[in-house]
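Undergrad: First the structure, which I've put down as structure tokens, then a few questions once you've had a look.
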Amino acid sequence: MQKQEKIVQMFNEIAPSYDKANRILSFGIDTKWRQDAIKRVQKHINKDDLVIVDVACGTADMCALLKNIKHTKLIGIDPSEGMLKIAKQRFSDIDFKQAYATALGLDDESVDLITISFGFRNVVEKEQALKEFKRVLKKDGILLILEFFKREKGGFIAKIRDFYLKNILPSIGALISKNKQAYEYLPNSIDDFYSNNEFKEELKQLDLELLEFKTYSFGVSSLFIIKK
Ligand SMILES: C[S@@+](CC[C@H](N)C(=O)[O-])C[C@H]1O[C@@H](n2cnc3c(N)ncnc32)[C@H](O)[C@@H]1O
């Protein structure tokens, strides 16, 4: 199995316990980050007939909040059948679609807002995904990325985050999901990911404009609001 397929298979396996594990392991703090991110992105959008796509939607935590923004279409996209099954059970009024971030199966310039929360790290071909987001976004369309970025030098609180993720989270995650490997994957995926500054450089390379950047909880997670 290829690396990307293995990652998706892992999400299939933990899907039934994902929501419970997430709430316990994150102490619910992720909801506050998501709410703030959505409040901020709305300041950059001045239309209400929005087409919104939540990529790597998982069990639809982000869609649950995006539903409250005025829109004409909201689509949740994820390659994991297991995660989508839960999402569909939670929200029968949202369209869900099985696809990878690198091949969304959407028309060129058809989307106003793409969000991806705690999902971009799992995409193996990240640059390809950014190009795909750029392709489907309308002119001046917005991309919101909420994610755990790699710690930069001196990031003391992020150091504590990494200790928690490496030494505490896998055991608790294993207890809840019976899948320790999946929860060991999380810290490793952060080590392999961009730092905030590396990602800012990547955006420049792809000619994407950074509108807003913010870190939450002293650098534990980061928000990027980007314009095509
Ligand atoms: C940690 S969950 C996050 C789910 C949700 N966005 C949230 O905030 O709770 C990561 C999600 O990324 C999805 N994923 C993994 N590889 C992906 C890819 N290449 N393209 C899109 N989504 C992917 C997984 O299936 C999983 O549902």
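Undergrad: Considering only the stretch 147-164, I want to know if a residue exists there that is within 15 Å of the ligand (Cβ to nearest atom) and either among the aliphatic types (A, V, I, L, M) or touching an Asp or Glu at 6+ places or on another chain (Cβ under 6 Å) (or both).
TA: So far as the stretch 147-164 goes, no, none of its residues is within 15 Å of the ligand (Cβ to nearest atom) and either among the aliphatic types (A, V, I, L, M) or touching an Asp or Glu at 6+ places or on another chain (Cβ under 6 Å) (or both).
Undergrad: Here is a list of conditions, (1) touching a residue at least 24 places away in the same chain (Cβ under 8 Å); (2) more than 18 Å from the chain's Cα centre (by Cα); (3) closer than 18 Å to Ile14 by Cα, and Asp61 meets all of them except one; can you say which number that is?
TA: That leaves (2) as the condition not met.
Undergrad: Based on what the data block shows, is Ile86 within 13 Å of the ligand (Cβ to nearest atom) and in a strand (DSSP E or B)?
TA: No.
Undergrad: Right, next: Would you point out the residue of the stretch 16-50, among those that are more than 13 Å from Asp61 (Cβ to Cβ) and within 15 Å of the ligand (Cβ to nearest atom), that is surrounded by the fewest Cβ atoms within 10 Å (Cβ to Cβ)?
TA: Only one residue fits best here, namely Phe27.
Undergrad: Against the condition in a strand (DSSP E or B), of a type in the set (Val, Ile, Thr) and in contact (Cβ under 8 Å) with a residue 60 or more places away in the chain, how does Ile77 come out, does it pass?
TA: no
Undergrad: Looking at this structure, is Asp112 more than 15 Å from the ligand (Cβ to nearest atom), touching a residue at least 12 places away in the same chain (Cβ under 8 Å) and charged (D, E, K, R)?
TA: yes
No value in this document is a laboratory result; all are computed from the given coordinates. Quantities reported herein were computed from a predicted structural model and do not represent experimental measurements. Counting neighbours? That spans all protein chains shown, and the Cβs are built from the backbone with ideal geometry, glycine included.
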